[in-house]
Amino acid sequence: MTRLSMTPSSQSPWAQMLRSSDRAASLRLGGQGLKTSYGDHLLIIGDAAGHIDPYTGEGIHIAMIGGKAATETILAMRQTGDFSARSTRQYESKWRALYGHDFWTSTAFAEVVYRCPILLDAAASEIHRKGDA
């Protein structure tokens, strides 16, 4: 019986993929780095659009809401047959109305905590002191 090796040979496509995936990039937080999340025949959603809460790093809930907004936009564009930037702009309007304001608030809070970490320590201490009461 032949045993399969769990270690890919250095010539295999898997080994090449693993070597190339060693590189990583930082995630966009709060939509940073993008002027828009739409274009002709294009919607940028989820992590690619920076739909990650800048303070908590949470993104699943935001992705679900953003995915629904993208789906609604795509269905509307499909009915009209117009996939231009004028139509895809609806998606950005929707997500900004639904959760875009949270990015500004979270970014501001994250900056305050970064500049004054003692505030987070004080909050944790107070929560520990009071418990669940």
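The values are calculated or read from the model by the stated rules, or taken from the named source; none is laboratory data. Quick caveat: nothing in here was measured; it's all calculated off a predicted structure. Just so you know, the surface numbers come from the protein's heavy atoms only, side chains and all, with ligands and any DNA or RNA stripped out. Shrake-Rupley method; radii C 1.70, N 1.55, O 1.52, S 1.80 Å.
Stretching the chain fully between I118 and Q79 yields a gain of 8.6 nm (0.36 nm per residue, less the alpha carbon separation).
What does the extension gain come out to for W104 and K130, with contour length at 0.36 nm per residue minus their alpha carbon separation?
Values: separation 26, 0.36 × 26 = 9.36 nm, distance 3.03 nm.
This chain segment gains 6.3 nm when fully extended.
Accessible area ranking (1.4 Å probe, heavy atoms, ligands and nucleic acids excluded), largest first, for M77, M64: M64, M77. Averaging Cα coordinates gives a centre for the stretch 45-67 and one for the stretch 104-120; these two points are 19 Å apart.
Amide H contacts for Y38 (H built 1.01 Å from N in the peptide plane; partners 5 or more residues away or on another chain; cut-off under 5 Å): I44.
For the stretch 28-113, the pair-distance distribution built from all alpha carbon pairs, in bins 10 Å wide starting at 0, is 19, 50, 24, 7, 1 percent. Taking all protein chains as they are arranged and a probe of 1.4 Å, the heavy atoms of L42 leave approximately 80 Å² accessible to solvent.
Cross-link partners among aspartates and glutamates for K35, C-alpha distance below 14 Å, same-chain residues fewer than 8 apart left out? Straight-distance partners of K35: E92.
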